[in-house]
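Below is one structure, written out as structure tokens, with a few remarks after it.
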Amino acid sequence: MKKVAVIGSGTMGNGIAHVFAQNGFQVSLIDISEEALNKALATISRNLDRIVAKGNLTEEQKEQTLSHIATYTDMRQGVQEADLIVEAATENVDLKLKIFKDLDAFAKPEAILASNTSSISITKIASVTSRPDKVIGMHFMNPVPVMKLVEIIQGYSTSDEVTSQIMDVSLQLGKVPTECNDYPGFVANRILMPMINEAIYSLYEGVAGVEEIDTIMKLGMAHPMGPLQLADFIGLDVCLSILNVLHDGFGNPKYAPCPLLVNMVQAGHKGVKTGQGFYTWTPGSKELVVADRFKKK
Ligand SMILES: NC(=O)c1ccc[n+]([C@@H]2O[C@H](COP(=O)([O-])OP(=O)(O)OC[C@H]3O[C@@H](n4cnc5c(N)ncnc54)[C@H](O)[C@@H]3O)[C@@H](O)[C@H]2O)c1
């Protein structure tokens, strides 16, 4: 496997393209937005500079990595030679079904189609293609060049051979691929999101404040950051949508999103991306400032 196409060049897509290119794969990076593609190339270049500055890559290897990436706004053109396609477009079920229908029509018949979805059923995505045995989940973590885990999700019809090929490719990227089956939230989000939701409930019910909840979980459980800070990083809208997938998929009230989370998303307070969440986020500042409405009176 030498040629990879990545669909979507946002937060995850640029990271995925980066790690494949740095490990010698030829990458076609595809987005509907020319602006997103230019932004992705600039981000990849900046992230490579950081690795060069740490002495883990030479300037020449950086240039080589960048030369492995070609960008396209035409999906048909971008995927035609790919052995593996990793879809990392916006998390929207109708959009993903449309993309996979198109990929099935445009890609080589033997190409493997992977999705980086956080929560949409791989089996459902596979069902719109004529090759469900070659559709698989490849759930990278953010930031992709840094995080070691790739959660590999075997859909109901994914073949063992395809799973083993994807495990091998992930190892070639220096990652730790870990297999699971296709049920709502897979493993990572099925366990993480109820914890985040419970942290929000603890705040909502006045059990403790933002700082206290995050400090208790950070220092008490040896987590690198508290669950409310992590929720702000992930995006509160993303957390809400994954909780809804768990709630709908299992029909169990224990996954019902906390009303405070619903309100915050409706008010446009989505965490780091909007500047307001449980904390106030100022670009360039690393200081952790609790949002005004959650400050102790
Ligand atoms: N952000 C995270 O922390 C994270 C972590 C793991 C998985 N994911 C998953 O990764 C995927 C991408 O998330 P993201 O955070 O990078 O989103 P993003 O919004 O940063 O980027 C999505 C990109 O997809 C592009 N796009 C939309 N429709 C397209 C199409 N038809 N063809 C090509 N490109 C298209 C958009 O222009 C945008 O550049 C989602 O499925 C998400 O659930 C995200």
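Rule-based calculations on the coordinates, nothing more; no lab input. Just so it is clear, the structure is predicted and the values come from calculations on it, not from any experiment. Counting neighbours? That spans all protein chains shown, and the Cβs are built from the backbone with ideal geometry, glycine included.
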Original post:
To the nearest 20 debye, what is the magnitude of the charge dipole of the chain about its Cα centre, counting +1 on the Cβ of each Lys and Arg and -1 on the Cβ of each Asp and Glu?
Top reply: 520
Original post:
Using 7 Å Cα-to-Cβ label points, what is the residue 63/residue 233 separation (nm, one decimal)?
Top reply: 3.5
Original post:
Length gain on complete extension for the stretch residue 244 to residue 147, per 0.36 nm per residue less the alpha carbon to alpha carbon distance?
Top reply: 32.3 nm
**OP:** Return the long-range amide H neighbours of residue 71 (sequence gap of 5 or more, or a different chain), with a cut-off of under 5 Å between placed amide H atoms.
**Re:** 29
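Between residue 54 and residue 32, 0.36 nm times their residue separation minus their Cα-Cα distance comes to what?
4.5 nm
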Original post:
Tell me, what is a quarter of the convex hull surface for the C-alpha atoms of the stretch 189-292, in nm² with one decimal?
Top reply: 6.4
Original post:
Count the lysine pairs in the stretch 1-145 that are 8 or more places apart or on different chains: how many have C-alpha atoms under 18 angstrom apart?
Top reply: 15
Original post:
Between residue 176 and residue 293, what is the label-to-label distance in nm when each label sits 7 Å out along the Cα-to-Cβ direction?
Top reply: 3.8
Original post:
Using the count of nearby Cβ atoms within 10 Å as a rough guide to exposure, how do 46, 131 rank from fewest to most?
Top reply: 46, 131
Original post:
Based on the Cβ-Cβ distance from residue 156 to residue 108, what FRET efficiency comes out when R0 is 25 Å, to the nearest 0.05?
Top reply: 0.60
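Between rounded, prolate and oblate, where does the stretch 11-55 land on the alpha carbon gyration tensor, with a ≥ b ≥ c its root eigenvalues, rounded for a/c under 1.5, else prolate if a/b exceeds b/c? Provide the component values of the computation, followed by the final result.
Values: a/c = 2.75, a/b = 1.47, b/c = 1.87.
The shape class here is oblate.
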**OP:** Please give the calculated 222 nm ellipticity per residue for the chain, where each DSSP H segment of at least 4 residues contributes -39500 (n - 2.57) and the sum is spread over every residue; nearest 500 deg cm²/dmol?
**Re:** -14500 deg cm²/dmol
Original post:
Can you run phi through the Karplus equation (6.51, -1.76, 1.60; θ = phi - 60°) for the stretch 233-245 and list ³J(HN,Hα) in whole Hz, with x for Gly and Pro?
Top reply: 5, 5, x, 5, 5, 5, 4, 4, 5, 5, 4, 5, 5
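If each residue's Cβ is checked for other Cβ atoms within 10 Å, how do 186, 100 rank with the fewest at the top?
Details: 186 21, 100 24.
In order of increasing Cβ crowding within 10 Å: 186, 100.
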Original post:
What order do you get for 239, 258 when you list them from fewest to most C-beta neighbours inside 10 Å?
Top reply: 258, 239
**OP:** Would you list the P(r) distribution for the chain, with all Cα-Cα distances sorted into 5 Å bins from 0 and each bin expressed as a whole %?
**Re:** 1, 5, 11, 15, 17, 16, 14, 11, 7, 3, 1, 0, 0
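Any idea what diffusion coefficient the stretch 122-171 gets from Stokes-Einstein, in µm²/s, Kirkwood Rh on alpha carbon pairs, 37 °C, 0.692 mPa s? Provide the component values of the computation, followed by the final result.
On the way: Rh = 11.4 Å.
Once the numbers are plugged in, D ends up at 289 µm²/s.
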Original post:
Can you list the residues, at least 5 places off or on another chain, whose amide H is less than 5 Å from the amide H of residue 87, using H built in the peptide plane?
Top reply: 7, 114, 115, 116
Original post:
What residue among 57, 37, 230 shows peak mean-square fluctuation when the chain is described by a Gaussian network model with Cα springs under 10 Å?
Top reply: 57
